[in-house]
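What follows draws every value from the coordinates through simple rules; no lab data is involved. Keep in mind it's a predicted model, so treat the numbers as computed, not measured. Note: ideal-geometry Cβ built from the backbone for every residue, glycine included; neighbour counts use all protein chains shown.
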Amino acid sequence: MLSASDFASASWDLVVRVDHPDEEEQKDVTLRVSGDLHVGGVMLKLVEQINIAQDWSDFALWGEQKRCWLLKTHWTLDKCGVQADAKLVFTPQHKMLRLRLPNVKTVRLRVSFSAVVFKAVSDICKALNIRRPEELSLLKPSSDYF
C-alpha cells in the first residue's frame, strides 16, 4: 500500500498551456498529476483550476512534442506517454481556417483540427458541395508563397 510520501514521489507538476479564444494571451496552468490519472481527469482538473464558467466540451489536449491530440479521455497519462516534461495545450478542436480553393477563391470555414486529414477534407467538401473529396487534400503553403 502506498503512503502519502510514496504518492508525492510518484506525482509531478504538469504545466498545461490554456489557449482560450476569448482571451488575448495564453496562460500556463500547473497541475499536480500522477501517471495513473486519466486524460479526462487532467481536463477536469484544468477546468476546475481555470474557474471560468463556459462550455468546455470542444476543448481537448494537444501534445506539442508528439504532435497529436489526446482524445482518448479514458487513457492514463502513462499509456499516452505523458511525463513531467510534456508540453500540452488545452485548446478548442474546431477552429476557423482560411482556405484557398483550386479556383483561387478564399473561404473561411470552421474545421476540426483533431480529425484525420481525410475526414477533415471530406467535411470541407461536404460544406462546399464539392464531389470526390478523395481527390483533394490540404496544403500549408510556404511563407514565400504569399
Ascending count of other beta-carbon atoms within 10 Å, so fewest first, for L77, L71, L46: L71, L46, L77
query: For F113, which sequence-distant residues (separation of 5 or more, or a different chain) have an amide H within less than 5 Å of its own amide H, given hydrogens modelled in the peptide plane?
result: H94, K95
- request: Before anything else, pin down the relative contact order of the chain: Cα pairs under 8 Å, at least 6 apart, normalised by residue count, whole percent.
  value: 19 percent
query: Which entries of K66/K140; K87/K119; K79/K140; K45/K79; K72/K126; K27/K105 show an alpha-carbon separation above 29 angstrom in the structure shown?
result: K79/K140; K27/K105
- request: May I have the extent of the alpha carbons of the chain along their three principal axes, as whole Å values ordered from largest to smallest?
  value: 65, 32, 31
- line: Non-local residues with an amide H under 5 Å from the amide H of C68, with H modelled 1.01 Å from N and Pro and chain starts lacking one, are G63
message: Test of understanding: in a Gaussian network model of the chain with alpha carbons linked when under 10 Å, which of V47, V39, V104 would top the mean-square fluctuation ranking?
response: V104
field: Phi to ³J(HN,Hα) by Karplus 6.51 cos²θ - 1.76 cosθ + 1.60 over region 35-52, Hz, x for Gly, Pro
entry: x, 8, 6, 7, 4, x, x, 4, 5, 5, 4, 4, 4, 5, 6, 5, 6, 10
